[in-house]
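J.: The structure's right below; bear with me while I get my questions together.
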Amino acid sequence: MLHRRKLTVLVSALVLAGAAVATPAAALDDPARHGHGHGPTAPEKFVKKVSERAVYRHLQELQRIADRNDGNRAALTPGYEASARYVEKTLRKAGYTTTRDPFTFDLEVVDAATLTVAGGETYDVDQMTFAVNTPVGGITAPLALPAAPDTLGCTAADWAGTSVAGSIALVSRGGCTFAIKVTNAEAAGAVGVAVYNNVPDVLLNGTLGAEGIASVPAAGLTQADGQALAAQAAAGPVTVTLDTRAHPETRESFNVIAQTRAGRTDNVVMLGAHLDGVEDGPGINDNGTGSAVLLETAVQLGKDKRLPNAVRFAWWGAEELGLIGSTAYVEDLVAQPGEIDKIATYLNFDMVGSPNYIIGVYDADQSTHPAPVPVPPGSAETEDVLTGWFDSIGQPWVDTQFSGRSDYQAFILNGVPASGLFTGADGVKTDAEVALFGGTAGITHDPNYHSPGDDLSNVNRKALRIMTAAVAYATYSLALDTSAVNGVESPTDPRPGHGHGPGKGRNDVGRNGHQEGWDRAA
């Protein structure tokens, strides 16, 4: 048997060469694969029921909702409420009982977010999450650049010999996390830090990752504004005032939850996608695509009355404000004895129609990218369901880092296996990815990420079709059998089990992938 890494590369090469690739359809129909004989339709037959055309119709409705509501569907807005009502109405027509799962949270309300050049222009900035406020009126200081051009502030040496002490440091995004950039500049004596984006037309929206990382204010700029400021500072002394202040206010939002009527409820397969977008645009790729694929999958799955395992669907609220809805939901499960243990595995779908797409799968077995977060047992086996589908149809795919930077974070922190799909955000497409998926190297996977241009025209329908099929296949496969993930056999097995545990039959093998750079912390 070929090593899995070699098999993936070989299949990709055959597809690129235009060769016919044999797909093991017979193996997919093997009763031993799913742990049952006669009964529900096979997963590959269910794939045909979940059409990309129907998914696209849901996206059209989400676009209409944004158009009628100030151009966005952000949390706490009428656009989000209308989006939720559309999901609920569609699910009820399909026979589901829907639940609004409310949560409260502290929202950071912006009081000031500017960087002003003395006697000159004022630039918009975005205060980094977990960064400290400036005093009222801001901090006024000289602007300082790293010691050498093109250095990114990722090492102490980048500030050696500079006049950064007592200054506001200005650096470009890239090379390391924002926390590293800010702490290095602070250690060199900076009284504030401004980081400008490395992609055009997007205001950098960053995070330091946790409270207490730095004691100086930190903010993000657009690429054009940062480059203009850097040019001024390189030409001579420039004094600026950085004013970034916010205060918390308690707000309430909600998730939308629905579950199949069929299937055992002590071994639930859970799938989720965030329904909210950013305030700057309609949020159709991010994350109308994941929400719409989830919705059509639920509609078609609700017709099946003989599922061994129940499937629970979640449309998360306030993801763009910090994974708030999914985190609150998991915390509620943990507070109820035994409830979190009923979740067999969780699959996350956040952006699955990017215009310059990759076909990315969360790298739960860390065969390409070391994970900076815990990886619960069973996650690699959940990943295998997705990659196994792609391999069986000759579809190239790559690993994306299992980073926890989406709504699966709270699940994995509480021991629930997870994986998911991703077509890319602000990572730059490589030549190797172009060879696998087409598109354009040197630009981001979604040039309209978090911008007004993330509308219906921003969706690549081929990518959406590929990912729709994968979601449908994985959903039905796990609804039939999770034994490879958590050791729990189907209800027809005389030895029912329960809870999370080591998966069965895993082969630890390599992958051929490329890291995606959409982490808000970098």
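J.: Please name all residue pairs, on different chains or six or more residues apart, with Cβ atoms under 6 Å, provided the first residue is in region 88-101 and is more than 14 Å from L275 (Cβ to Cβ) and the second residue is of a type in the set (G, A, S).
T.: That search, which allows pairs on different chains as well, returns A94/G302; G95/G302; Y96/A258; Y96/G302.
J.: Give the residues of region 83-113 that are farther than 22 Å from L323 by Cα and either among the hydrophobic types (A, V, I, L, M, F, W, C) or open to solvent by 70 Å² or more (accessible area, probe 1.4 Å) (or both), sorted by residue number.
T.: Hits for region 83-113 are K89, L91, R92, K93, A94, T97, D111, A112, A113.
J.: Residue under question is Y80, and the condition is that it be buried (at least 17 other Cβ atoms within 10 Å of the Cβ) and in a loop (DSSP other than H, G, I, E, B); does it hold?
T.: On the way: buried (at least 17 other Cβ atoms within 10 Å of the Cβ): yes; in a loop (DSSP other than H, G, I, E, B): no.
Considered against the rule, which asks whether it is buried (at least 17 other Cβ atoms within 10 Å of the Cβ) and in a loop (DSSP other than H, G, I, E, B), Y80 comes out as no.
J.: Suppose the filter is assigned to a strand (DSSP E or B), open to solvent by 10 Å² or more (accessible area, probe 1.4 Å), at negative phi and not polar (S, T, N, Q); does E252 pass it? It would help to see each step written out before you state the result.
T.: Values: assigned to a strand (DSSP E or B): yes; open to solvent by 10 Å² or more (accessible area, probe 1.4 Å): yes; at negative phi: yes; not polar (S, T, N, Q): yes.
The answer is yes for E252.
J.: Please go through region 68-77 and give me each residue that is among the charged types (D, E, K, R) and open to solvent by less than 20 Å² (accessible area, probe 1.4 Å), ordered by number. Lay out the reasoning, then the answer.
T.: Kept after step one, since they are among the charged types (D, E, K, R), are these residues of region 68-77: 68, 70, 73.
Residue satisfying the conditions is R73 alone.
J.: Kindly check whether there is at least one residue in region 416-429 that is of a type in the set (F, W, Y), under 22 Å from V293 (Cα atoms) and touching a Pro at 6+ places or on another chain (Cβ under 9 Å). Reasoning before the result, please.
T.: As a first pass, look at region 416-429 and keep what is of a type in the set (F, W, Y): 422.
Of the ones still in play, those that are also under 22 Å from V293 (Cα atoms) are 422.
Remaining after also requiring touching a Pro at 6+ places or on another chain (Cβ under 9 Å): none.
Within region 416-429, not a single residue is of a type in the set (F, W, Y), under 22 Å from V293 (Cα atoms) and touching a Pro at 6+ places or on another chain (Cβ under 9 Å).
J.: Looking at region 48-67, which of the residues that are open to solvent by less than 40 Å² (accessible area, probe 1.4 Å) and of a type in the set (D, E, K, R) is farthest from the chain's Cα centre (by Cα)?
T.: If we take residues in region 48-67 being open to solvent by less than 40 Å² (accessible area, probe 1.4 Å) and of a type in the set (D, E, K, R), then E61 is farthest from the chain's Cα centre (by Cα).
J.: Consider Q227 against the criteria (1) touching a residue at least 40 places away in the same chain (Cβ under 8 Å); (2) within 19 Å of D426 (Cβ to Cβ): it satisfies all of them except one. Which criterion is unmet?
T.: Here Q227 clears every test but (1).
J.: Identify, from the list A131, A84, the residue that is small (G, A, S), within 30 Å of A230 (Cβ to Cβ) and touching a strand residue (DSSP E or B) at 6+ places or on another chain (Cβ under 9 Å).
T.: On the way: A84 fails: within 30 Å of A230 (Cβ to Cβ).
Checking each option against the conditions leaves just A131.
J.: Shifting gears a bit: Being among the hydrophobic types (A, V, I, L, M, F, W, C) and in contact with a Ser or Thr (Cβ under 7 Å, 6 or more places away or on another chain) is the filter here; which residues of region 372-411 pass it? Before the answer, list the steps.
T.: To start, the set of residues in region 372-411 that are among the hydrophobic types (A, V, I, L, M, F, W, C) comprises 373, 375, 380, 385-386, 389-390, 393, 397-398, 402, 410-411.
Within region 372-411, V373, V385, L386, I393, W397, A410 qualify.
J.: Select from region 310-328 the residues that are part of a strand (DSSP E or B) and either open to solvent by 10 Å² or more (accessible area, probe 1.4 Å) or without any contact (Cβ under 8 Å) to a residue 24 or more places away in the chain (or both) and list them in ascending order.
T.: Step one: filter region 310-328 for residues part of a strand (DSSP E or B), giving 310-316.
Result: R312, single match.
J.: For residues that are of a type in the set (S, T, Y) and either open to solvent by less than 20 Å² (accessible area, probe 1.4 Å) or not in a loop (DSSP other than H, G, I, E, B) (or both), tally how many sit in region 134-161. Spell out how you get there, then give the answer.
T.: Our first condition is that a residue be of a type in the set (S, T, Y); within region 134-161, this holds for 134, 140, 151, 155.
Narrowing the set further to residues that are either open to solvent by less than 20 Å² (accessible area, probe 1.4 Å) or not in a loop (DSSP other than H, G, I, E, B) (or both) leaves 134, 140.
Here the count works out to 2.
J.: State whether the residues of region 193-202 include one that is in a loop (DSSP other than H, G, I, E, B), surrounded by fewer than 24 Cβ atoms within 10 Å (Cβ to Cβ), touching a Ser or Thr at 6+ places or on another chain (Cβ under 7 Å) and among the aliphatic types (A, V, I, L, M).
T.: The answer is yes, given that some residue of region 193-202 is in a loop (DSSP other than H, G, I, E, B), surrounded by fewer than 24 Cβ atoms within 10 Å (Cβ to Cβ), touching a Ser or Thr at 6+ places or on another chain (Cβ under 7 Å) and among the aliphatic types (A, V, I, L, M).
J.: Could you list, in sequence order, the residues of region 329-375 that are touching a Phe, Trp or Tyr at 6+ places or on another chain (Cβ under 8 Å), farther than 19 Å from A273 by Cβ and either free of Cβ contacts under 8 Å to residues at least 60 places away in the same chain or of a type in the set (S, T, N, Q) (or both)?
T.: Those that are touching a Phe, Trp or Tyr at 6+ places or on another chain (Cβ under 8 Å), farther than 19 Å from A273 by Cβ and either free of Cβ contacts under 8 Å to residues at least 60 places away in the same chain or of a type in the set (S, T, N, Q) (or both): Q366, A371, V373, V375.
J.: Looking only at region 470-494, count how many residues are open to solvent by 20 Å² or more (accessible area, probe 1.4 Å) and either within 15 Å of G388 (Cα to Cα) or not small (G, A, S) (or both). Before the answer, list the steps.
T.: First, pick out the residues of region 470-494 that are open to solvent by 20 Å² or more (accessible area, probe 1.4 Å): 481, 484, 487, 489, 491-494.
Next, from what is left, pick out any that are either within 15 Å of G388 (Cα to Cα) or not small (G, A, S) (or both): 481, 484, 489, 491-494.
Residues that pass the stated criteria total 7.
J.: Any residue in region 191-212 that is under 25 Å from the mean Cα position of the chain (by Cα) and among the acidic types (D, E)?
T.: Taking every residue of region 191-212 in turn, at least one turns out to be under 25 Å from the mean Cα position of the chain (by Cα) and among the acidic types (D, E).
J.: Okay, moving on. I'm told R261 meets every condition in (1) surrounded by fewer than 23 Cβ atoms within 10 Å (Cβ to Cβ); (2) assigned to a strand (DSSP E or B) except one. Can you identify the failing condition by its number?
T.: So the condition that R261 fails would be (2).
J.: Taking the conditions exactly as written (in a loop (DSSP other than H, G, I, E, B) and either without any contact (Cβ under 8 Å) to a residue 40 or more places away in the chain or within 26 Å of the chain's Cα centre (by Cα) (or both)), does E186 satisfy them or not?
T.: Numbers: in a loop (DSSP other than H, G, I, E, B): no; either without any contact (Cβ under 8 Å) to a residue 40 or more places away in the chain or within 26 Å of the chain's Cα centre (by Cα) (or both): yes.
It is false that E186 is in a loop (DSSP other than H, G, I, E, B) and either without any contact (Cβ under 8 Å) to a residue 40 or more places away in the chain or within 26 Å of the chain's Cα centre (by Cα) (or both).
J.: Would you tally the residues in region 203-222 being closer than 17 Å to A144 by Cα and open to solvent by 10 Å² or more (accessible area, probe 1.4 Å)?
T.: Residues of region 203-222 closer than 17 Å to A144 by Cα: 216-221.
This time we only want the ones that are open to solvent by 10 Å² or more (accessible area, probe 1.4 Å), so: 216.
Adding up the residues that qualify gives 1.
The values are calculated or read from the model by the stated rules, or taken from the named source; none is laboratory data. None of the values given here were measured: they were computed from a predicted structure. Neighbour counts are summed over all protein chains in view; Cβ atoms, including those assigned to glycine, are modelled from backbone coordinates with ideal geometry. The area values use the complete protein model at the heavy-atom level, side chains included, leaving out ligands, DNA and RNA. Shrake-Rupley method; radii C 1.70, N 1.55, O 1.52, S 1.80 Å.
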